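Comments concern the structure below.
The values are calculated or read from the model by the stated rules, or taken from the named source; none is laboratory data. Everything numeric in this text was worked out from a predicted model, so none of it was measured. Counting neighbours? That spans all protein chains shown, and the Cβs are built from the backbone with ideal geometry, glycine included. In case anyone asks, the SASA skips ligands and DNA or RNA and just uses the protein heavy atoms, side chains included. Shrake-Rupley method; radii C 1.70, N 1.55, O 1.52, S 1.80 Å.
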Amino acid sequence: MENPLLELQEYENLQEALKKAKGPVQATGTLDSQKVHLMYWLGKDGGFPWKLVVTYDDQRAREIYDDFRSFTENVWLYPAKDLLFYSADIHGNLMTRQRIAVWRHLMEEEEGVVVTTLDGLMDHLLPLVFLKQQAVTVENGQIMDLDEWKERLTALGYERTAQVDGMGQFSVRGGILDIYPLTEELPVRIELWDTEVDSIRTFDLESQRSIEQLDEIDIYPATEIVLTKKEAKEGVERIRSEAKTFAEKLRSQQNTEEAYRITGIVKELTEGIEEGWKQTGLDAWISYFNKETVSFLDYFDPEQSMVFLDEPLRLKEQGEAVELEFRESMEHRLEKGYLLPGQTGLLYPVREILAKTQRKDTVYLTGLEQKLPGMTTEARFSFDVRNMNSYQNSFEMLIKDLTNWKKERYRVILLSGSRTRASRLAEDLREYDLSAFCTDDESREVQPGEILVTFGNLHRGFAYPQIKFAVITEGDMFGKEKKKRKRKKTSYEGKKIQSFTELSVGDYVVHEDHGLGIYRGIEKIERDGVIKDYLKVEYADNGSLYLPATRLDGIQKYAGSDAKAPKLNKLGGEQWNRTKAKVKTAVKEIAKDLVQLYAARRELGGYQYGEDTVWQQEFEELFPYDETDDQLTAIDDTKRDMESKKIMDRLICGDV
């Protein structure tokens, strides 16, 4: 549909100011989801293919991201690193994957929207052009030297394993290279005929079966810091030089323990880099390897992008709080010998970042007319916007307002969570003598006095009284959808631990060699002159086990906090071994039966269902709740099995 904002003189003036590069400008009176409506059209009408939206916290960033998805598919959420724990080795690939995926979109897409928080702009990054140069492409028919590729993938941050079982890993078996790129949904198998790439296929991690044939695959780094051999060598020299000077200073101040600590930390780091096994977790040392670091803001070309600051004063306050907390933490760690002086500058100051955001194409979005100390405002434009009232399931109140708006010749858009509900709602409204319609024709304009009921999701509705245009969401009409309450699990199933942050002190954990114990937190232990973090697990008879914090693959969570307290095993005892022996025997018996069963099932064919029909889609849209990611995955997997010729073999369990 056409942009209704073009009827607002204030919008025209704002658009004109941006076209003439007279920013930064301030748009006051803007509210909630209406801000997204304004941002979308400003960028679209202004000819800016890229939009960077900066807000004050993660929740608000998620709201903006969700609202933007109703306008465009090309919107991505860029998470900020936890700057206080920048040096932790014990982190998963999820955040790195999300961040690198956004970088990939910036390199490959022609346009889009990126939503982040201010601290997402405050860490130092390698230039985008350098990261683009590190990406590699594998094509069918290409000549590959596997030995060379082992080194290349390791340098890109990929971990070599016997068999790929997670993102950021690769394995080599004969003439087969398996790799799970951080930016792909599935791992990839590259088969060679001698040294030539014969096939490229995605495959399933569990079954190892091929899924789709590919002509080529782009492999992006699995770490944010990728170093050339020269950069690594020069960086190691800088680190050692500064560590030597700093250690001498600490000794002169009688801080021998702190001097010993930093010497050990640097020794382990530099030796790991030189030996080739330390490729990830170098974010804290980026300034020693590359002096030309940039902010994420620098990834956006001023000629091709707009910058939106959502509530700049709140944003500034949040940034200053992050900066203060980070600085205090760095000072403490520096005093204790946990880092070098050069590492304390990992954060761009809030003042510097805000100064960088003050471009000719920057728009400040504020609800109130307020001054913005420390920020340049070349022009101010005031919008008359109203948030939509919540009807709290009162259909009578909704009908009353819609009837009044019809008399006043308002154009109204009602957003529904499903196309089926939208069609039925339009029918219901027509029974009250309202001109409501539901259509898939995007060129169909809403005329004064009409109501368009369509599929869409926004957090909150809004209205522009001056042009008599209103948007009402399903949440406005019926209140926030109530999710089914989930009963806490009381089963004793294990859960694989991806990060130490998933554990709370007092959690029951199971170690594959030592059995059931209680997690008692992280302790720093010095060994061979090197201080490392260790997880402490307490067993029966006051036994304690210390595990390196980077080796979480050997333990699992035991059960929920409300489960009955189980009996702990003893370190070195035989009880756990006996338990495992019994399980192994039982598993062998079950496996034998399963092999016989599946051999028989393979000889038979199952009933093959057809693909989803329109009626199936409408039925699914009537479901009043939002499915979780796991539920959607289970639905897709089940449908795929039903549409195949094999006998279906799937059990789905869930809470009720």
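Would you compute the Debye intensity of the range 282-372 from its alpha-carbon atoms alone, equal scatterers and no solvent, and pass along log10 I(q)/I(0) at q = 0.10, 0.11, 0.13, 0.25 Å⁻¹ to two decimals? With no solvent term, the Cα-only Debye profile gives -0.36, -0.43, -0.58, -1.29. Need one word for the range 180-257: rounded, prolate or oblate. Basis is the Cα gyration tensor (sqrt eigenvalues a ≥ b ≥ c); a/c below 1.5 gives rounded, then a/b vs b/c decides. Prolate shape, in that a/c is at least 1.5 and a/b is the bigger ratio. In angstrom, the C-alpha Rg and Dmax of the chain are 29.2, 88. Accessible surface calculations at 1.4 Å, restricted to protein heavy atoms, place the chain at 55 Å² per residue.
Each stretch of four or more DSSP H residues adds -39500 (n - 2.57); spread over every residue of the chain, this sum gives -11000 deg cm²/dmol at 222 nm. Take 632-641, 255-264 and order them by the average number of nearby Cβ atoms within 10 Å per residue, most first; the result is 255-264, 632-641. Residue 22 label point, 7 Å along Cα→Cβ, cut-off 17 Å on backbone N: hits in the range 354-383? Residues passing the 17 Å test: 359-364, 376-383. So, in Å, what gap is there between the alpha-carbon centers of the range 577-594 and the range 311-386? With the range 577-594 and the range 311-386 each reduced to a Cα centre, they are spaced 59 Å. For the residue pairs 35/400; 132/371; 360/468, alpha carbon separations beyond 29 Å are given by 132/371; 360/468. Computed from phi, the 3J(HN,Hα) profile of the range 202-217 under the Karplus parametrisation 6.51, -1.76, 1.60 (θ = phi - 60°) reads 7, 8, 8, 4, 6, 8, 6, 7, 5, 10, 9, 7, 10, 8, 7, 9 Hz, with x in place of Gly and Pro. Would you be so kind as to identify which of 410, 122, 610 lies farthest towards the positive end of the dipole of the chain, taking Lys and Arg as +1 and Asp and Glu as -1 on Cβ and the Cα centre as origin? Going by the Cα projections, it comes out as 122.
Of the listed residues 438, 653, the order by accessible area with a 1.4 Å probe, largest first, is 653, 438. Simple spin-label estimate for residue 195 and residue 2 gives 6.5 nm between the two label positions (7 Å along the Cα-to-Cβ direction from each Cα). Based on alpha-carbon atoms, the Kirkwood radius and the radius of gyration of the range 282-440 give Rg/Rh equal to 1.19. Evaluated on the range 415-472, the Kirkwood hydrodynamic radius is 12.1 Å, with distances taken between all distinct Cα atoms.
Taking one quarter of the surface of the convex hull spanned by the alpha-carbon atoms of the range 374-460 gives a direction-averaged projected area of 8.3 nm². When a 1.4 Å probe is rolled over the protein heavy atoms, the share of accessible surface on the chain that falls to carbon and sulfur comes to 47 percent.
Within the range 405-482, the GluC sites (Glu not before Pro) that combine a DSSP coil assignment with at most 11 other C-beta atoms in a 10 angstrom radius are 408, 431, 442, 481.
Modelled label positions at residue 524 and residue 647, each set 7 Å beyond Cα in the direction of Cβ, lie 6.0 nm from each other.
Over 28 Å apart at the Cα level, from the set 584/645; 81/278; 316/557; 244/291; 557/582; 580/639, are 584/645; 316/557; 580/639.
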